[in-house]
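Worksheet for the structure shown next.
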Amino acid sequence: MKILRFIISLLLTVGLVFALNMKIGMLPPVGKFIDPVNGFWQNAEKLEPEILPELKLNVTEASKIIYDERLVPHIFADNMHDLYFLQGYVTAMNRLWQMEFQTHAAAGRISEIIGEKAIPFDREQRRIGMLWSAENAVKIFSEDTLAKQIMEAYSEGVNAYINSLTEKTLPLEYKLLNYKPEQWTTLKSALLLKFMAKMLTANERDFENTNMLNLIGKEKFDLLFPDYFPNTDPIIPRGTVFDSVSVKIDTGKVTTTGKQITYEPIEKTDAHIGSNNWAVSGSKTLSGKPILCNDPHLKLSLPSIWYEIQLNAPDINVYGVSLPGSPGVVIGFNDWVAWGVTNASVDVRDWYEITFKDASKKEYLFNEKWLNTTARVEEIKVRGGKTFYDTVYYTHLGPVVYESNFTESGAKQQNLALKWTAHSPSNELKTFYYMNRAKNYSDYEHALTFYQCPGQNFVYADAHNDIAIWQQGRFPARWKEQGKFIMDGSMRENEWQAYIPQQQNPHVKNPERGFVSSANQHGVDETYPYYYLGIFEHYRNRRINNELRRMQNISADTMFRLQNDNYNLMAEENLPVMLEYVNKNELKNDSVEKLVLDALEKWNYMHDAEMIGPTAFDLWWKQYTTFVWDEFEDKPYKLIKPHPSAVLRFMKEFPNDRLFIHQTTKDRTPKNAVNLSYDAFYWTGLKINELIIEDEHPQWGFQNAITVEHLARIPAFSFNNLVTGGYKYAVNAVSPPNGPSWRMVVELGNKPKAWGVYPGGQSGNPGSANYTAFVEKWAKSEYYELLFMSRENQEKGKYVQQIIPVK
Amino acid sequence: MKIIFLKIALIAGISFGLQFILPWWIIVIVAFAIELLFGGKTSLSFFSGFYGVFIYWFMYAGIIDFQNGFLLSKKIALLFHLPQMPLIVALVTALLGGIIGGMGSLTGNLFRKMFNV
């Protein structure tokens, strides 16, 4: 009896301990996780950061890191190695989990962390060649002495931090997901650059365009999807004279097999990932010196995609935001110059239909010959499951992403290969290396020559009163409409035959109008000698240009206001036409419709948080376009609905077009733009009424509330429902889940003055008070003055950390 | 009767010391060993381990929680669907630790009782 008692108790105890030490499903090992000595409690930081006054690290000379009160590190080193070593170290200290998670995502290795449900995601990354192209990039980095040194020093710094970790100090997410960090390598930094390349260039519409072309024919396609919309205001001011074409390409023909592409397109970039940047010359500013502004719009996430930092060594003194995982500063300023980026939005991804000789997929047809494919076996390790092997066939055009192996059913459809500039080796690292150290316009121009992908609009201003903008990247020289639709990969003239020579990339220096700007619109007007494709913004950019043209005596304050401007130019252009269609006499005096109409008629097109007008407009517009494009709904293949500008054109020019016939309801009575708009208006009234009755705050700020989501989508670690103004077509492009991820204003001069804010915090630890420290300030459109230190002036630092070399 | 307070104090103190070098489950072994060493009423033996670990874990977690302004514990509460109130997560932590500790001490006591000591 006594023995039995003991055995039962022993088994229960041992069983309990084992159960609590094991990862079960999505739960972490509970005992290990809640243990106050080594578990999550150790990630609950004291409110006042504890920064050691001294740190022994593998630097070659004594260095110093000064943290300001917002915990921005200002690194003072004596040589390049120590500088990038310390950047790697402090970045890892604050953002290690994020750095590794993003590179695991890029490499298609998420299954290793969360198990088999991530296999489809991982396969997709592998099949589009993310890991393959990062491996190629590593070769370039290791052949280039400069890049190699920087990458290695950075990795050493990250690893110094990783190696100092114990069970107790491991970042929270590792404890929660129960895994450990690996050593950092150049490959991981390369993967991060590919991660950005994918984020910013996966905007092609080859599938959707092909499907649409098959559905409606070329004539209607051109009407609904023109290359240029009326009033296009390109980045390079109209009237700029361009050199003529200097590369020779053989023209092919747009063809289509007529087959709809029923593949689900792989993960793509939201069309509203975009950005603004501009620089005004001293002739338009109060100080007489240029001001440069930039706000890149990305999916807002926690930890933030950006990490603020200042880097100082004898040949460099730069401040700005960096991408955790990549050495250097990406957007920022130094003593002489400032620069910023927006996405070029030029299409650099084309899809080719591949003809394999037989089921072995060893040969494919090109230019009337059979060429060999290369098979690459991707090994996807799966947590708690069997390793998944996936074979990807590479052609000279790129990997055959879609083929029978990849479809759910294995059904016989088109084999589609992806050609993408991110596949070709390049050394963007050097752009940032030279840009961080630039002193004048020619340094900036030189830095850009190393930059290929993702194509960006690099805005520039310096203390000598030069302003400029270059659309820089490696862009294919296309024949007209090449790559707009899926192409036959066996035809020689369909492949990219040449690239636009770098010197002919769109650029302008000190234009007469006194400012340069970009907001993802067309780079150039129709007189540019090369044909290009892309998804271009049509409203924000014109608002910015209209405002900048008008403005004089510009100060930083004026620029803050412009960056946070909620004006919706789309509404200004489209709403009056829609309002004309509403028969005001039909509305009862105290009805909700009347209330909505009044709100809209009085509305100043501002998407401010406290207004109801923008909510009504947004609802009305969405419903209206759903009615208008209902013929494109519910198809077994993907389509993209036409742009608001196309709607406007049809409303004005063809109000009785068949498009305005209501297809989806049983109501088959002929409709036109007028009664369709009215139907949608009536629906809007009902919807607003519902919001009011259900106490759901019809004010725009609530309707547009944005959640800054944790990278692993853990709601508890996200900042939920942040009430704020803005709109996708406004300069302040808050369009959940995307928005301005970093707002920066730099006033050049003898000593630059700068302001900035991002919706996050310097610490990546959800247990730190600094995890979301800047979020509310960001939501209120306020800025921090950035503390730009020098060797001589370091007084304002809050914590000083001496870095002592380990002998 | 007083011996239970001594046992609680010893379990708390020794666990605290050993946890710095050994994994969390050392608390079970400590509770087991203390009961094995001291013995006593079986009906009370669960409580020596329970309170020993409970008190020590609650104080440890509670102090951290307080110094952190309850920032992280609120997030963890959300994660595990617990009420988002200060010290709730610390209490749950201590309860779980207490149960494990209690199981350890009970087993230790029963082991001793097998030999009729």
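The values are calculated or read from the model by the stated rules, or taken from the named source; none is laboratory data. What you see is a predicted model; the values in this text were computed from it and never measured. Virtual Cβ from ideal backbone geometry, glycine too; neighbours counted across all protein chains shown.
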Residue list for the range A:583-611, filter: at pLDDT below 90, touching a helix residue (DSSP H, G or I) at 6+ places or on another chain (Cβ under 8 Å), closer than 22 Å to A:Ile692 by Cα and assigned to a loop (DSSP other than H, G, I, E, B): A:Leu587, A:Lys588, A:Ser591
Check on A:Lys751, more than 18 Å from A:Ile309 (Cβ to Cβ), basic (Lys, Arg) and either buried (at least 24 other Cβ atoms within 10 Å of the Cβ) or in contact with a strand residue (DSSP E or B) (Cβ under 9 Å, 6 or more places away or on another chain) (or both): no
Filter pass, A:Glu747 being among the acidic types (Asp, Glu) and under 22 Å from the mean Cα position of the chain (by Cα): no
Selection count where residues are closer than 18 Å to A:Ala417 by Cβ, hydroxyl-bearing (Ser, Thr, Tyr) and at pLDDT below 80, scope the range A:250-269: 2
Residue, nearest to A:Asn568 (Cα to Cα), within the range A:687-734, restricted to residues that are more than 14 Å from chain B (Cβ to nearest Cβ) and polar (S, T, N, Q): A:Asn732
Selection from the range A:222-275 of residues that are outside any loop (DSSP other than H, G, I, E, B) and either aliphatic (A, V, I, L, M) or in contact (Cβ under 8 Å) with a residue 12 or more places away in the chain (or both): A:Leu223, A:Leu224, A:Ser275
Failed item in (1) more than 29 Å from A:Asn732 (Cα to Cα); (2) surrounded by fewer than 19 Cβ atoms within 10 Å (Cβ to Cβ), with A:Lys671 passing the rest: (2)
Exclusive hit being more than 8 Å from chain A (Cβ to nearest Cβ), touching a helix residue (DSSP H, G or I) at 6+ places or on another chain (Cβ under 7 Å), buried (at least 24 other Cβ atoms within 10 Å of the Cβ) and under 18 Å from A:Ile8 (Cβ atoms), set B:Gly104, B:Gly108, B:Gly52: B:Gly108
Selection count where residues are surrounded by 15 or more Cβ atoms within 10 Å (Cβ to Cβ) and more than 33 Å from the chain's Cα centre (by Cα), scope the range A:760-798: 1
Failed item, numbered, when A:Phe76 is tested on (1) more than 30 Å from the chain's Cα centre (by Cα); (2) aromatic (Phe, Trp, Tyr); (3) surrounded by fewer than 21 Cβ atoms within 10 Å (Cβ to Cβ); (4) more than 14 Å from every other protein chain (Cβ to nearest Cβ): (3)
Matching residues, the range A:91-125, being within 17 Å of A:Phe388 (Cβ to Cβ), under 20 Å from the mean Cα position of the chain (by Cα), in a helix (DSSP H, G or I) and of a type outside the set (A, V, I, L, M): A:His104, A:Phe121, A:Asp122, A:Glu124, A:Gln125
The range B:27-49, subset within 10 Å of chain A (Cβ to nearest Cβ) and out of contact with any Asp or Glu (no Cβ under 8 Å at 6 or more places or on another chain), residue surrounded by the most Cβ atoms within 10 Å (Cβ to Cβ): B:Ala31
Output for the range A:128-174, where each listed residue is under 24 Å from A:Ile34 (Cα atoms) and either within 14 Å of another protein chain (Cβ to nearest Cβ) or of a type outside the set (Ser, Thr, Tyr) (or both): A:Ile162, A:Asn163, A:Leu165, A:Thr166, A:Glu167, A:Lys168, A:Thr169, A:Leu170, A:Pro171, A:Leu172, A:Glu173
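Collect the residues in the range A:368-395 that are part of a loop (DSSP other than H, G, I, E, B), within 13 Å of A:Thr355 (Cα to Cα) and not hydroxyl-bearing (Ser, Thr, Tyr), keeping them in residue-number order.
A:Glu368
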Count of residues meeting criterion [aliphatic (A, V, I, L, M), without any contact (Cβ under 8 Å) to a residue 40 or more places away in the chain and either within 13 Å of chain A (Cβ to nearest Cβ) or part of a helix (DSSP H, G or I) (or both)] in the range B:1-20: 4
Matching residues, the range B:1-15, being basic (Lys, Arg) and exposed (fewer than 13 other Cβ atoms within 10 Å of the Cβ): B:Lys2
Check on A:Phe681, buried (at least 22 other Cβ atoms within 10 Å of the Cβ) and at pLDDT 95 or above: no
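Would you point out which residue out of A:Lys194, A:Lys168 is touching a residue at least 12 places away in the same chain (Cβ under 8 Å), of a type in the set (Lys, Arg), surrounded by fewer than 16 Cβ atoms within 10 Å (Cβ to Cβ) and in contact with a helix residue (DSSP H, G or I) (Cβ under 6 Å, 6 or more places away or on another chain)?
A:Lys168
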Qualifying position, being among the basic types (Lys, Arg) and part of a loop (DSSP other than H, G, I, E, B), among A:Lys751, A:Lys777: A:Lys751
A:Glu526 being assigned to a loop (DSSP other than H, G, I, E, B) and at negative phi: yes
The range A:22-45: number of residues that are within 19 Å of A:Gly115 (Cβ to Cβ) and part of a loop (DSSP other than H, G, I, E, B): 6
Filter result for the condition that a residue is away from every other protein chain (no Cβ under 14 Å) and either touching a Phe, Trp or Tyr at 6+ places or on another chain (Cβ under 7 Å) or not aromatic (Phe, Trp, Tyr) (or both), over A:Leu10, A:Leu57: A:Leu57
Candidates B:Phe80, B:Phe58 - the one that is at pLDDT 95 or above and more than 7 Å from chain A (Cβ to nearest Cβ): B:Phe58
Selection within the range A:238-271 - crowded, with 21+ Cβ neighbours inside 10 Å and within 26 Å of A:Asp525 (Cβ to Cβ): A:Thr269
